[in-house]
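The values are calculated or read from the model by the stated rules, or taken from the named source; none is laboratory data. The model shown is predicted, which means the values in this text are computed figures rather than measured ones. When we count neighbours, we look across all protein chains shown, and the Cβ atoms used for this are built from the backbone with ideal geometry, even at glycine. Heavy atoms of the whole protein, side chains included, go into the accessibility calculation; ligands, DNA and RNA do not. Shrake-Rupley method; radii C 1.70, N 1.55, O 1.52, S 1.80 Å.
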Amino acid sequence: MNTSGEQGTTVREYRLDFAEDYNPSQILSEGEQNACSLADFLTEAQLDGNNCGIVFDDPVTSLDHERKDKIAQRLAIEASHRQVVVLTHDIAFVSQLVKHAEKNDIPLISHWMKKVDGVPGHVEDNTSPKMASVKTLKNDCQDAIKEYETLSLKEQERALGTAFDYLRSACEALIEEFLFAGTIQRYEDQIRVQNLEEAVFDQSVALKIVDLHGRLSEMLLAHKQK
């Protein structure tokens, strides 16, 4: 990494010792270039004496699964020293961040942004598909229609759509938490083989979940078309 000054601004440039005549972009992939830049930034942040928060916007673009996991681990460790804010659309990466934060006993808050009635930017506080469970989704569904009678017709339609969405997600969580007993978890590559002892191999239960999920999907689709 070469550092130089230019009109009062610090300029950083990385070069390859084994290919000095070539621009790194001619040799390294986009993911490798991102990894180099991220490593340099984190090194500089670690050497910095203050504890100001840092913000990352999709830091794992074009990176493979293993590198994503290592970066998630590094960011979780960094969060033990300062506030770390990560913006990403990569749910698998969110899963890795959650895993390493829990492993290192680091507080984590995840906000989920999505479209509502075709309008983007709706924020759900302290939730994400990875962190959702049957229990939290049940509470979210109840909260969505808690003041249903006092809402306007348009607001009632929106509340019902949100409730149906939570219920359908709860069906998916049922498969993960109860049918498979957490043996296979969404967005994670690890298979918890020992959990198979608690898995429910009951076709009738599976068929009931499939039927319920299908009916909720039909209701949700009909509600959106309406």
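Within the group Asp143, Asp69, which residue is under 18 Å from the mean Cα position of the chain (by Cα) and of a type in the set (Asp, Glu)?
Of the residues listed, the single one that is under 18 Å from the mean Cα position of the chain (by Cα) and of a type in the set (Asp, Glu) is Asp69.
Of everything in segment 85-117, what is of a type in the set (D, E, K, R), crowded, with 16+ Cβ neighbours inside 10 Å and either touching a strand residue (DSSP E or B) at 6+ places or on another chain (Cβ under 6 Å) or in contact (Cβ under 8 Å) with a residue 60 or more places away in the chain (or both)? Give them in sequence order.
Passing the criteria: only Lys99.
One residue is enough: does segment 64-84 have a residue meeting the conditions open to solvent by 40 Å² or more (accessible area, probe 1.4 Å), in contact with a strand residue (DSSP E or B) (Cβ under 8 Å, 6 or more places away or on another chain) and within 30 Å of Ser29 (Cβ to Cβ)?
No: zero hits.
So, Gln203, is that one more than 27 Å from Leu75 (Cβ to Cβ), open to solvent by 60 Å² or more (accessible area, probe 1.4 Å) and free of Cβ contacts under 8 Å to residues at least 12 places away in the same chain or not?
yes
Going residue by residue through segment 174-193, is there one that turns out to be of a type in the set (Ser, Thr, Tyr), surrounded by 12 or more Cβ atoms within 10 Å (Cβ to Cβ) and not in a helix (DSSP H, G or I)?
Yes, some residue in segment 174-193 is of a type in the set (Ser, Thr, Tyr), surrounded by 12 or more Cβ atoms within 10 Å (Cβ to Cβ) and not in a helix (DSSP H, G or I).
May I ask you to say which residue of Ala170, Ala222 is farther than 26 Å from Asp90 by Cβ, modelled with pLDDT under 90 and aliphatic (A, V, I, L, M)?
Matching residue, one of Ala170, Ala222: Ala222.
Quick check on my filter: what residues within segment 67-112 are touching a Lys or Arg at 6+ places or on another chain (Cβ under 6 Å), among the hydrophobic types (A, V, I, L, M, F, W, C) and farther than 22 Å from Ser37 by Cα?
Of everything in segment 67-112, just one residue is touching a Lys or Arg at 6+ places or on another chain (Cβ under 6 Å), among the hydrophobic types (A, V, I, L, M, F, W, C) and farther than 22 Å from Ser37 by Cα, namely Val98.
Answer yes if at least one residue in segment 135-144 is at pLDDT below 85, over 25 Å from Val60 (Cβ atoms) and loosely packed, with under 13 Cβ neighbours inside 10 Å, and no otherwise.
No; the residues of segment 135-144 include none that is at pLDDT below 85, over 25 Å from Val60 (Cβ atoms) and loosely packed, with under 13 Cβ neighbours inside 10 Å.
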